[in-house]
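Structure first, commentary second.
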Amino acid sequence: MFESLFDFDSDVDEATLRGIVEQLEQLKAAAAAAQARATEAWATKRHLAEAEAGVPKPKRGRGLANEVALARRVAPMRGGQHLGLATALVREMPHTLAALESGALSEWRATMIVRESACLSIEHRRQLDAELCSDTSALEGWGDKRVAAEAKKIAVRLDAQAVVERTAKAAADRCVWIRPAPDTMAYVTVLLPVAQGVAVYTSVKRQADTTFDGRSRGQVMADTVVERVTGRPAEQPVPVSLNLVMADTTLAGGDDESAWLDGYGPVPAGFACKMVGDAALDESARTTLRRLYRHPDSRQLVAMESRSRIFPRGLAAFIGLRDQTCRTPYCDAPIRHRDHALPHRESGSTSALNGLGECEACNYAKEARGWRVRTAERDGMHQADFTTPTGATYRSIAPPLPGPPIRKRVSIIESQLSVDLVTFDAA
């Protein structure tokens, strides 16, 4: 049906190309609607099967959001969002689902409508659904903010108290997180109640309004945030511990291989060497070197193990350095748990081979009924296979350490080229 859309002649006129782009956009929305129906049917079958198996009601469907995430190749948090969206659209919001299927709404705009109506009763939610989306022509020309605003306006009119209560509960979700930005920069995001958020912004803005020292307005605001959070000028070292993994040849200036900054990701060789140099020159900093060894073929860390059920500090640190982020496929969340792939209760060893670095949500999900995780070492690479209750298997391979390719030598011991872990611990 859509073959002509995927295989088109690029020499056609612009109007035809515009039409193809429009049709493909409608196809994306229709596919999202079909995914929602399939996801809801999947959830229904899983709950029925577990009910027949005698699984307690609170435990039914555990781990399904992670399965949805794996099937869609997204992070587990997104899997939960997709599962919730599918359930709401199919069971409670038929008009929004129809608008998505026709292409009048994108998946993201349908998500915003579901989100704004989440605090309502089923009856009120269906009223909002019909009022907002029964006539899809009214949605023409609406952007994201307009869609969200109209949905919220109807929700407030239907049940203002529910909206107020949801707003009050939202303060419990305040948090801080960090993610990499291009060129060795980082985004630090703070989620706050609106009054506090505006107060923070106004405070740093006022500082920028009264500072005239050659820095741009944005630079002053950013530096002010750093100074007020760390308690020292932005240009001074911060008293925290940083783990930087880099090849000894890079540290010595012999190559330009990137390094790995724990909690951030890859950084250029020059930047890493400058970090080491600055820390070495800072008398208040304590800089230590720890030598690690990597496999000559896979460039991964050499294994460790313990007889303890709990992962000792050294082995836990080893797994964290090897895995870098959560090992569940498509999940880039920071590691919170170091746990057994094959559970200890099933005679799983406390070792680097059987150990995995996981975020909290993924570690609990793999303990759900029907999940199985098995690890192996293939050609020096640590491999973990995640098998879900439907029988699908997803493979995760630990990333290689920084450094250039290793030239093989006769001696196995000599072939394990060292990599340095530089730890900065400012006083």
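The values are calculated or read from the model by the stated rules, or taken from the named source; none is laboratory data. Everything numeric in this text was worked out from a predicted model, so none of it was measured. Cβ placement follows ideal geometry from the backbone for every residue including glycine, while neighbour counts extend to all protein chains displayed.
Considering only residues that are part of a loop (DSSP other than H, G, I, E, B) and of a type in the set (Gly, Ala, Ser), look in the stretch 325-369 and name the one that is surrounded by the fewest Cβ atoms within 10 Å (Cβ to Cβ). Spell out how you get there, then give the answer.
Applying the first criterion (part of a loop (DSSP other than H, G, I, E, B)) to the stretch 325-369 yields 325-336, 341-343, 347-349, 352-354, 359, 366-369.
Pick out the ones that are also of a type in the set (Gly, Ala, Ser) and you get 333, 341, 347-349, 352, 368.
Details: 333: 17, 341: 22, 347: 9, 348: 19, 349: 16, 352: 24, 368: 16.
Among residues in the stretch 325-369 that are part of a loop (DSSP other than H, G, I, E, B) and of a type in the set (Gly, Ala, Ser), the one surrounded by the fewest Cβ atoms within 10 Å (Cβ to Cβ) is 347.
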How many residues are in a helix (DSSP H, G or I) and crowded, with 22+ Cβ neighbours inside 10 Å when one looks only at the stretch 95-108? 4
Which residue pairs have Cβ atoms under 9 Å apart, sit 6 or more places apart or on different chains, and have a first residue in the stretch 308-329 that is in contact (Cβ under 8 Å) with a residue 40 or more places away in the chain and closer than 15 Å to residue 263 by Cβ and a second that is surrounded by fewer than 20 Cβ atoms within 10 Å (Cβ to Cβ) and among the β-branched types (Val, Ile, Thr)? none
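Being assigned to a helix (DSSP H, G or I) and in contact with a strand residue (DSSP E or B) (Cβ under 9 Å, 6 or more places away or on another chain) narrows it down to one residue among 200, 190, 156; which is it?
Numbers: 190 fails: assigned to a helix (DSSP H, G or I); 156 fails: in contact with a strand residue (DSSP E or B) (Cβ under 9 Å, 6 or more places away or on another chain).
So the residue among 200, 190, 156 that is assigned to a helix (DSSP H, G or I) and in contact with a strand residue (DSSP E or B) (Cβ under 9 Å, 6 or more places away or on another chain) is 200.
State all residues of the stretch 212-221 that are without any contact (Cβ under 8 Å) to a residue 12 or more places away in the chain, at negative phi and not aromatic (Phe, Trp, Tyr); if no residue qualifies, say none.
To start, the set of residues in the stretch 212-221 that are without any contact (Cβ under 8 Å) to a residue 12 or more places away in the chain comprises 212-219.
Filter once more, keeping what is at negative phi: 212-213, 215-219.
Listed by number, the residues that qualify are 213, 215, 216, 217, 218, 219.
Given the options 140, 150, 52, 92, name the one that is acidic (Asp, Glu), without any contact (Cβ under 8 Å) to a residue 40 or more places away in the chain, more than 30 Å from residue 363 (Cβ to Cβ) and surrounded by fewer than 17 Cβ atoms within 10 Å (Cβ to Cβ). Break it down into steps so the answer makes sense when it comes.
Values: 150 fails: surrounded by fewer than 17 Cβ atoms within 10 Å (Cβ to Cβ); 52 fails: more than 30 Å from residue 363 (Cβ to Cβ); 92 fails: surrounded by fewer than 17 Cβ atoms within 10 Å (Cβ to Cβ).
Criteria check complete, one pass: 140.
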Checking 317, 272 in turn, the sole residue that is surrounded by 18 or more Cβ atoms within 10 Å (Cβ to Cβ), in a helix (DSSP H, G or I) and modelled with pLDDT of 70 or more turns out to be 272
Sole exception among (1) within 30 Å of residue 98 (Cα to Cα); (2) under 29 Å from the mean Cα position of the chain (by Cα); (3) small (Gly, Ala, Ser); (4) exposed (fewer than 13 other Cβ atoms within 10 Å of the Cβ) for residue 218, by number: (1)
With criteria (1) over 30 Å from residue 362 (Cβ atoms); (2) modelled with pLDDT of 95 or more; (3) surrounded by fewer than 17 Cβ atoms within 10 Å (Cβ to Cβ), residue 115 comes up short on (1)
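Let me confirm something: among 18, 60, which residue is of a type in the set (Lys, Arg) and under 16 Å from residue 103 (Cα atoms)? Before the answer, list the steps.
Numbers: 60 fails: under 16 Å from residue 103 (Cα atoms).
Of the residues listed, the single one that is of a type in the set (Lys, Arg) and under 16 Å from residue 103 (Cα atoms) is 18.
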Mind telling me which of the residues 126, 62, 73 ends up being at positive phi and surrounded by fewer than 20 Cβ atoms within 10 Å (Cβ to Cβ)? 73
Flagged in the stretch 170-197 as of a type in the set (A, V, I, L, M, F, W, C), more than 16 Å from the chain's Cα centre (by Cα) and loosely packed, with under 12 Cβ neighbours inside 10 Å, in numbering order, are 172, 185, 194, 195
